[in-house]
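All of the numbers you see were taken from the coordinates with simple rules; none came from a lab. Because the structure is predicted, anything quoted here is derived from the model rather than measured. Note: ideal-geometry Cβ built from the backbone for every residue, glycine included; neighbour counts use all protein chains shown.
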Amino acid sequence: MSTVLATQSLRKSFGSLIVTDNVELALPKGARHALIGPNGAGKTTLINLITGALAPDGGRVVLNGQDITALEPDQRVKRGLVRTFQINTLFPGLTPLEAVVLAVLERRGVAGRWWAPLTGQTEAVDEAYELLKLFQIATVCTRPTRDLAYGEQRLLEIALALATRPAVLLLDEPAAGVPRSESAAIFEAIAALPEDISVLFIEHDMDLVFRFATHIFVQVQGRLLVEGTPGEIATHPTVREVYLGSAAHHG
């Protein structure tokens, strides 16, 4: 299976603190992979390095065989590398339909016409509405985003990311702050994404990780400790000791 995204000897330090320690990670096309680890393991820093929010001290980020280490975040988005954040970054006054239409127009290079009535943007509106249906938030598409339930806002953020038509989607705790009763719906939507999109998600809820990931990377103190299938990770003695806990019940 071809590798879409890879990091090679990626390193980052803040002073004497090593937060990314020669990380070698490969994401194949169509992946549904998870990145787990204790708080402070460096997971979000790794995502920031991959997406260009931070510059590495050494190593490379490779997308579809091309070195993108020096590219700005927006250039990476245009090449198909998109992320969401732990805390959503939505426009509270826009409706979900307006927000996703704007994202579609931006991808098409005509976002300067965002002020035009939506009735004049038929194709963009249709595409946006289909995305909102995919994430089961079409029924609230005309309400201000600030009025949506938090779980609906998280789904909207992923819909916005999908509007860019990414090849790789990085999700930083997509269920953070969402009631447990709603978090499964978010991951079911992620699982239903088109098969040609590669997904890497950070998540602390091990039930969700073991249910939805086909491959898991475990990061501890800035380095990748181990990677493997959910079954391999669940029974790995060191992982159980440093992260899952001796009472881990998956296996």
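Okay, here's what the table says:
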| item | result |
| --- | --- |
| Among Ile50, Gln219, Thr145 the positive-end extreme of the charge dipole of segment 3-244 (Cβ point charges) | Ile50 |
| Principal-axis tilt of helix 180-191 within the chain, Cα atoms, nearest 10 degrees | 80 |
| Between segment 117-196 and segment 2-77, the alpha-carbon center distance in angstrom | 25 |
| Residues Lys133, Lys12, sorted so that the one with the fewest Cβ neighbours within 10 Å comes first | Lys133, Lys12 |
| The chain - percent relative contact order, Cα under 8 Å, separation 6 or more | 27 |
| Degrees separating the helix 122-134 axis from the principal Cα axis of the chain, which is the longest one | 40 |
| Anchor Lys78: aspartates and glutamates whose Cα lies under 15 Å away (excluding residues fewer than 8 positions away in-chain) | Asp67, Glu106 |
| Folded to 0 to 90 degrees: helix 150-162 orientation relative to the chain principal axis, Cα | 90 |
